[in-house]
1. State which residue pairs qualify: first residue loosely packed, with under 11 Cβ neighbours inside 10 Å and inside the stretch 27-38, second residue at pLDDT 95 or above and not small (Gly, Ala, Ser) in any location, beta carbons under 8 Å apart, and separation of 6 or more residues or different chains.
2. Would you point out the residue of the stretch 258-274, among those that are more than 14 Å from the chain's Cα centre (by Cα) and farther than 24 Å from GLN216 by Cβ, that is surrounded by the fewest Cβ atoms within 10 Å (Cβ to Cβ)?
3. Restricting to the stretch 155-183, name every residue that is in a loop (DSSP other than H, G, I, E, B), among the hydrophobic types (A, V, I, L, M, F, W, C), in contact with a helix residue (DSSP H, G or I) (Cβ under 9 Å, 6 or more places away or on another chain) and under 23 Å from ILE145 (Cα atoms).
4. Kindly indicate whether ALA205 is in contact with a Ser or Thr (Cβ under 7 Å, 6 or more places away or on another chain) and buried (at least 20 other Cβ atoms within 10 Å of the Cβ).
5. Tally the residues that are in contact with a Phe, Trp or Tyr (Cβ under 8 Å, 6 or more places away or on another chain) and closer than 14 Å to GLY158 by Cβ, restricting the search to the stretch 121-135.
6. Does ASN186 count as in a loop (DSSP other than H, G, I, E, B) and at positive phi?
7. Among (1) of a type outside the set (Phe, Trp, Tyr); (2) at pLDDT 95 or above; (3) in contact with a Pro (Cβ under 9 Å, 6 or more places away or on another chain), there is one condition SER217 misses while meeting the rest; what is its number?
8. For the stretch 39-64: of the residues being over 27 Å from LEU266 (Cβ atoms) and hydroxyl-bearing (Ser, Thr, Tyr), which is surrounded by the most Cβ atoms within 10 Å (Cβ to Cβ)?
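The values are calculated or read from the model by the stated rules, or taken from the named source; none is laboratory data. In this text the structure is predicted, and so the values were computed from the model without any measurement. Neighbour counts are summed over all protein chains in view; Cβ atoms, including those assigned to glycine, are modelled from backbone coordinates with ideal geometry.
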Amino acid sequence: MHTRSLFALLTLTIATLVSPAQAQAAANPYERGPAPTVASIEASRGPFAIAQTTVAASAVRGFGGGTIYYPTSTSEGTFGAVAISPGFTARQTSVAWYGPRLASQGFVVITIDTLSTLDQPDQRGAQLLAALDYLVQTSSVRSRIDGTRLGVMGHSMGGGGSLRAAATRPALQAAIPLTAWHTTKNWSSVQVPTLIVGAENDTTASVSAHSEPFYQSLSSTPDKAYLELNNAGHSAPTSANTTIAKYSISWLKRFIDNDTRYEQFLCPPPPPSSLIEEYRHTCPHS
């Protein structure tokens, strides 16, 4: 057989042995976990076994301590990380359910206590960033984290804090304000992909005065979405909520992990339903 013919045969054989899934994984080194399904993003736990560790307030600076949830195996590589703040007068217990839910999908998550339960949104934003810096620089799980792939979430004033954190640190990969409250309505400087979650019956941070203007003002990021929960109130994000979880997981996977396998749950957008009052978007994201 001629050398050229032999080379062509070998090339064809190698190409046949590399599956489309392997080729996609090679194209995106940040993919973690199996291909997603509706069932997998709605499940109370994802495919990763997790552990948790407590961070004492006395052991950190810039925030009030918290709890870290993380995948126990690093066989697939390092993970992106997410810091989550509670709202006004609340403690981390009010957002604790996000910890295992997100970590088991392949993230390192820290739910924080703030320095004071009365801290305002901008203070909470600074504390979210301090928590991320702690995770990446000095925490016991720092070797599990890719410090270039970070995100923030928060409820109420913590949600306002996540907007401030995104405005302060444009290198963040994702932000998810949950029934957010902030006196600032214009967030046109935010460049971070942002999913805003509002609640139709919220009387504390009404969507007309908070979530909707926040979303409308996000003119600098090409990737944004607004999810309004149907017949829900301000505290909806403080207890396990499948609708919030499935779209938060999809958003974090898409933008922290660059995992386009999750695009299908965001684009085309979900239609109005008994769970979703409306969904605004800038699809397509890819």
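1. VAL38/LYS246; VAL38/PHE265
2. Ranking the candidates gives SER274 first.
3. Listed by number, the list holds a single entry, LEU172.
4. Here the answer is yes, as ALA205 does meet what is asked.
5. Final tally of qualifying residues: 5.
6. no
7. Tallying (1) of a type outside the set (Phe, Trp, Tyr); (2) at pLDDT 95 or above; (3) in contact with a Pro (Cβ under 9 Å, 6 or more places away or on another chain), SER217 fails exactly one: (3).
8. Going through the qualifying residues, I end up with THR53.
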